[in-house]
Amino acid sequence: MTVWGSGTPRREFLHVDDLADAILYLLQTYDAEPMVNVGWGEDVSIRDLADLVMSAVGYRVDLEFDSSKPDGTPRKLLDVSRLKELGGSRKYPSRRVFSLPTRGSGSIPTPPDSRIGITIA
């Protein structure tokens, strides 16, 4: 499978349950002016992401990174220090998000017309 770019850019992922918890927590406890970033404060390379997704779906293929295609921004990572100072926390460490039950795994029903085998939140 061909992946655009070198695989070295890094991205941050957030489980939807952690986002919902953070929003509720902030709505109940925070009313100051400065914005609060909601994220993990950890990132993963595109190369590692591809490996995590393959492990999650139980299917491995050879990856070819096409460096003639753009990498995009080298790193997208939020500063979550304000959220941490306010007591925010997460349930799902970054790598665990990709090992949670997925559609088609038997744990989450697959809609009859669905062709998607995994949902990444």
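Summing +1 for each Lys or Arg and -1 for each Asp or Glu, what net charge is found among the other residues whose Cβ lies under 13 Å from the Cβ of ALA32?
On the way: positive: ARG82; negative: ASP31, GLU33, GLU85.
With Lys, Arg at +1 and Asp, Glu at -1, the neighbours total -2.
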Is region 1-90 rounded, prolate or oblate when judged by the Cα gyration tensor, a ≥ b ≥ c being the square roots of its eigenvalues, rounded requiring a/c under 1.5 and prolate requiring a/b larger than b/c?
prolate
Can you pull the accessible area of LYS69 for me, 1.4 Å probe, Å² to the nearest 10?
70 Å²
By the gyration tensor of its Cα atoms, with a ≥ b ≥ c the square roots of the eigenvalues, what is the shape of region 13-57: rounded for a/c under 1.5, prolate for a/b over b/c, or oblate?
oblate
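The values are calculated or read from the model by the stated rules, or taken from the named source; none is laboratory data. In this text, all values refer to a predicted model and were calculated from it rather than measured experimentally. Methodologically, a virtual Cβ is constructed for each residue, glycine included, from the backbone with ideal geometry; neighbour enumeration extends over all protein chains shown. Note: areas computed on protein heavy atoms with side chains; ligands, DNA, RNA excluded. Shrake-Rupley method; radii C 1.70, N 1.55, O 1.52, S 1.80 Å.
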